[in-house]
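Heads up, the thing below is written out as structure tokens.
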Amino acid sequence: MGPLLNALVKLQSVENNLRAAKAKLARSRRNVIIKENQLRTLQNSLEAKKEEILLSRIQVDRLELEIKSVDETLSRYRAALNVSKSNKEYAAILTELNTTKADSSKIEIQTLELMKNVDIDQAQCSQIQEQIEKEKSELNEIRRQSEEQAKKFEAEIAQIEQQWQSAAKDVPADALGTFKRVAETYDGEAIAEIEVHDNRSGIYTCGGCFMSLTTETANTLLSRDEIIRCPNCTRILYFRDAGN
């Protein structure tokens, strides 16, 4: 390789290291975000469960008022039985009394079921609260570890960025601009090695997109120290062993 392509290959190596270091920093911070989201989900679940308990208690209060009202009605029916003036009247009041008793029994069962659900929900609230406290403790530890790792990764990134600036000085401005644009397109991978499958037949492919390249493209790159890009993916092409 000539000076230009050699400088670009060296810059690519530093670019790879820089992207890898930034990825490690992002992962360390992402762990905190994941744990925060888990904690937030638990807190939302706890609030939803508390809302269910509140609504159930409101319904229990309403049913208890109904039971009180029904009990008063039953008392009136019992009193009416004692003063009924005929068998027909007695039978009619007794029917109403029994029907009201049945309704009262249904309301009581519904009330007991709601109260049972409240007890279950309260137990679940306690369990969720325990999970929340555990998650908070784990989050604090992850934050501490993340902060320690971040300092290390940030120092590593700063050092590699200096290496990048140093390597970039050996690349002409127009070539550096091309490198940056392609790197942004392919997550840092601006350069692709030409892969030789058969020298005699002249079969070449781009190491980035694996599409075929013409013999003319390969021969031009062998004879010139300039930027030649893959016509398919636009990466900058080079021969690893050329000029060595």
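The values are calculated or read from the model by the stated rules, or taken from the named source; none is laboratory data. Predicted model only: the values in this text are computed from it and were never measured. Note that each Cβ is placed from the backbone with ideal geometry, even for glycine, and that neighbours are counted across all protein chains shown.
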Q. For region 164-175, which residues satisfy the criterion of being touching a residue at least 12 places away in the same chain (Cβ under 8 Å) and assigned to a helix (DSSP H, G or I)?
A. TRP164, ALA167, ALA168, ALA175
Q | ILE67 more than 30 Å from SER45 (Cβ to Cβ), in a helix (DSSP H, G or I) and within 60 Å of the chain's Cα centre (by Cα) | A | yes
**Q.** Subset of region 148-158 (residues that are free of Cβ contacts under 8 Å to residues at least 40 places away in the same chain and surrounded by 13 or more Cβ atoms within 10 Å (Cβ to Cβ))
**A.** LYS152
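Can you tell me which residue among ALA123, ALA80, ALA92 is loosely packed, with under 13 Cβ neighbours inside 10 Å and in the same structural domain as SER56 (by TED's automatic domain parsing)?
ALA123
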Q) In region 99-109, is there at least one residue being of a type outside the set (D, E, K, R) and either closer than 30 Å to SER28 by Cα or not assigned by TED's automatic domain parsing to the domain that holds VAL32 (or both)? A) no
**Q.** Qualifying positions in region 192-235 - over 23 Å from SER13 (Cβ atoms), within 46 Å of the chain's Cα centre (by Cα) and part of a loop (DSSP other than H, G, I, E, B)
**A.** MET211, THR214, PRO231, ASN232
Q.
Just to be sure I understand, how many residues within region 196-220 are touching a Leu at 6+ places or on another chain (Cβ under 9 Å) and at pLDDT 90 or above?
A. 7
Q: Report yes if ALA123 is of a type in the set (A, V, I, L, M, F, W, C), farther than 15 Å from LEU11 by Cα and out of contact with any helix residue (DSSP H, G or I) (no Cβ under 9 Å at 6 or more places or on another chain), otherwise no.
A: yes
Q: Among the residues of region 129-148, write down those that are at pLDDT below 95 and either more than 20 Å from LEU39 (Cβ to Cβ) or of a type in the set (Gly, Ala, Ser) (or both).
A: SER146, GLU148
Q. Of GLU52, GLU113, GLU96, which residue is in contact with a helix residue (DSSP H, G or I) (Cβ under 7 Å, 6 or more places away or on another chain), in a helix (DSSP H, G or I) and over 30 Å from GLN38 (Cα atoms)?
A. GLU96
Q. When you go through GLU135, GLU189, GLU161, GLU148 one by one, which is the residue that is assigned to a loop (DSSP other than H, G, I, E, B), of a type in the set (D, E, K, R) and under 34 Å from the mean Cα position of the chain (by Cα)?
A. GLU189
Q: Would you check which residues across region 176-186 are outside any loop (DSSP other than H, G, I, E, B) and farther than 18 Å from GLU226 by Cβ and list them?
A: ALA183, GLU184, THR185
Q | Options THR205, THR220; residue that is more than 13 Å from THR234 (Cβ to Cβ), touching an Asp or Glu at 6+ places or on another chain (Cβ under 6 Å) and of a type in the set (S, T, N, Q) | A | THR205
